[in-house]
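Right, one structure below, let's go through it.
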Amino acid sequence: MKSGSNLEKVLTAGHFAFTGEVGPPRGANVEVIREKAKFLKGNVDMANMTDNQTAMVRMSSWAGSLILLEEGVEPNYQMVCRDRNRIAMQSDILGAYALGIRNILCLSGDHQQFGDHPKTKGVYDVDSIQLISIVKKMRDEGKFLGGDDLNGAPKMFIGAAANPFGEPFEWRVHRLAKKVAAGADFIQTQCVFNMERMREWVHQANEMGLTEKIYILPGVTPMKSVGMAKYMKNNVPGMDVTDEIITRLQGVEKKKAADEGIKIACEQIEEFKEMKGIAGVHLMPIEWEHRVPEIAERANMLPRPQV
């Protein structure tokens, strides 16, 4: 499948991919995205543009993606099922592709009760696995979900998310298998802090032959402080922050905790480079875009391949 996606070219050429992420502003200030893009350009193969993450209203992900494109950073257009029905989804996919967006990440979305409009009516007309199959049908068959022919198919490189740390753990790899079967081309995982469990999940995926059918990019987030680590451990659903990480961050001076967090992230990246079944890493800096060039350098991810 040739989508025109830079990420697809990097992965199919056998390079170890390095992707980033940008959260759009809570307003119409374009400069927020332009400033973040400066630190990502040339340092990542692609950058996710999040879609009202944590159910907080932000600039739309397709608009943010277009701004990234203008700044020379390939976007990964996130789309959540929470906010749109199947008509709006298909319409937005066509519009995004027509304007040059070549990657899409299909997500369920954080529940609205956690955001700034908790009384919002969730749509959830389809789930993330069904959304993957919709994009695949549009791309490969040139048809709408309803069966009518498209006048120009959106050749998107299709991404999905995976959380290896949810319970029950034994179901996690089977949910991955469903996304592979639905047509996902690549997977980005939840932030990885429990490496032992991640190793087991990847081992299961290898045993089932899934890693031969899809590119897996584990999520890596550098901890800025021990307070951040404790907050994510205790308050963020789906996170599995180990006591080992908290102990390491507690064991350094406060002003050196961020550097230790980056060191831990770089150690993870080095292990992922050698792990069978892993095709790259997805760096989620969480409003720390200005440290991405440093992280890319320290993790020996530069220069990025030109393909």
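The values are calculated or read from the model by the stated rules, or taken from the named source; none is laboratory data. Everything numeric here is computed off the predicted structure, so don't read it as measured data. Every residue, glycine among them, receives a Cβ derived from its backbone with ideal geometry; neighbour counts consider all protein chains shown.
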Identify the residue in the range 24-68 that is small (Gly, Ala, Ser) and crowded, with 24+ Cβ neighbours inside 10 Å and, among all such residues, is farthest from TYR215 (Cα to Cα).
GLY64
Which helices (runs of 4 or more DSSP H) does the range 1-99 wholly contain that include 3 or more residues that are at pLDDT 95 or above and touching a Phe, Trp or Tyr at 6+ places or on another chain (Cβ under 7 Å)?
6-12, 61-70, 86-98
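Just the residues that are of a type outside the set (A, V, I, L, M, F, W, C) and crowded, with 18+ Cβ neighbours inside 10 Å, please, taken from the range 206-229.
Within the range 206-229, THR211, TYR215, PRO218, GLY219, THR221, PRO222, LYS224 qualify.
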Going residue by residue through the range 109-127, is there one that turns out to be touching a residue at least 40 places away in the same chain (Cβ under 8 Å) and touching a Phe, Trp or Tyr at 6+ places or on another chain (Cβ under 9 Å)?
yes
Quick one: is PHE157 of a type in the set (Phe, Trp, Tyr), touching a helix residue (DSSP H, G or I) at 6+ places or on another chain (Cβ under 6 Å), surrounded by 15 or more Cβ atoms within 10 Å (Cβ to Cβ) and within 24 Å of VAL220 (Cα to Cα)?
yes
Please specify each residue of the range 41-67 satisfying the condition of being touching a residue at least 40 places away in the same chain (Cβ under 8 Å) and not aliphatic (A, V, I, L, M).
GLY42, ASN43, ASP45, ASN48, ASP51, ASN52, GLN53, THR54, GLY64
The correct count of residues that are surrounded by fewer than 23 Cβ atoms within 10 Å (Cβ to Cβ) and more than 15 Å from MET239 (Cα to Cα) in the range 160-178 is 7
